[in-house]
Structures are given as structure tokens and as C-alpha cells.
Amino acid sequence: VQLVESGGGLVQAGGSLRLSCTASGIIFSFNSMGWYRQAPGKQRELVATITRGGSTNYADSVKGRFTISRDNAENTVYVQMNRLRPEDTAVYYCHAQSTITGDYWGQGTQVTVSS
């Protein structure tokens, strides 16, 4: 299974970006998909997750600004990021969890928010 992310880049504070992550390979049903991020010198942290049934969970720092969604048929998860702040700058990683085969991570995509 491979997770391929896209959509990162450089944006000014207050701007928006949409990240996408698509799983390929031999895929069993993913129970949870989501996004994590890691800023320089910091630990990787949760951004948002979504279950197969659509239940969502967000970090307090992104609530009201980020929206996670998924397309189960396409094994794709998205995160729409609005009102971006410089502190959102990080490498964003896609994550998928299968109760049968375990956890998977993408290679990461850089998001940089300039002030």
C-alpha cells in the first residue's frame, strides 16, 4: 500500500490550501484516515482524522479553519485548510489505519505559510 500526498506549497497568511492523499496497492478497508504534521524541532502531531463512517476529530489549533473529508470509493482523504497561519508551517503526513493490515504513512508534503 502506498499513500501519495499532493497539494502542499507556499501560501501567505490568511490563504488556503487543499491537501489530497490517495492510497494505492492492495487495499483493505481503512477504518481511519487522517493528517498529521511535524514542524522543525517539534514532534509529529495530529491535525485531523476521519473514520470510514465520517466521524471527524480535529486538533484544537485547527478547529474552525480546517475541514477533513474522504472518498471511500477512491481511498482518498482531503483536508481543506483555510485562514492559514505561519504556525501551520510544517510537513504534513497522510495516515491510514486498517484493522487488518495496520498503519500506513505518506512521504509528507511541505506546507509553508509566510507572514
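If Gly41 satisfies every condition in (1) out of contact with any Lys or Arg (no Cβ under 9 Å at 6 or more places or on another chain); (2) surrounded by 14 or more Cβ atoms within 10 Å (Cβ to Cβ); (3) among the small types (Gly, Ala, Ser) but one, which is the exception?
(2)
I'd like the residue in the stretch 99-115 that is in a loop (DSSP other than H, G, I, E, B) and open to solvent by 90 Å² or more (accessible area, probe 1.4 Å) and, out of all such residues, is nearest to Glu45 (Cα to Cα).
So the residue we want is Gln107.
Given (1) touching a Ser or Thr at 6+ places or on another chain (Cβ under 8 Å); (2) open to solvent by less than 60 Å² (accessible area, probe 1.4 Å), where does Tyr36 come up short, assuming only one miss?
(1)
For the condition more than 18 Å from Gly15 (Cβ to Cβ) and surrounded by fewer than 20 Cβ atoms within 10 Å (Cβ to Cβ), what is the one hit in Ala48, Ala59?
Result of the check over Ala48, Ala59: Ala59.
Whether any residue in the stretch 27-40 is β-branched (Val, Ile, Thr), under 15 Å from Tyr92 (Cβ atoms) and out of contact with any Cys (no Cβ under 6 Å at 6 or more places or on another chain) is what I want to check.
no
State whether the residues of the stretch 42-49 include one that is within 19 Å of Leu17 (Cα to Cα) and either in contact (Cβ under 8 Å) with a residue 40 or more places away in the chain or touching a His at 6+ places or on another chain (Cβ under 8 Å) (or both).
Scanning the stretch 42-49 turns up at least one residue that is within 19 Å of Leu17 (Cα to Cα) and either in contact (Cβ under 8 Å) with a residue 40 or more places away in the chain or touching a His at 6+ places or on another chain (Cβ under 8 Å) (or both).
Could you list all residues from the stretch 1-33 that are surrounded by 14 or more Cβ atoms within 10 Å (Cβ to Cβ), part of a strand (DSSP E or B), over 11 Å from the mean Cα position of the chain (by Cα) and small (Gly, Ala, Ser)?
Ala23, Ser32
The values are calculated or read from the model by the stated rules, or taken from the named source; none is laboratory data. As the structure is a computational prediction, the values presented were derived from the model and not from experiment. Quick reminder, even Gly has a Cβ in these numbers, built from the backbone with ideal geometry, and neighbours come from all protein chains shown. Just the protein is used for accessible areas: all its heavy atoms, side chains included, with ligands, DNA and RNA removed. Shrake-Rupley method; radii C 1.70, N 1.55, O 1.52, S 1.80 Å.
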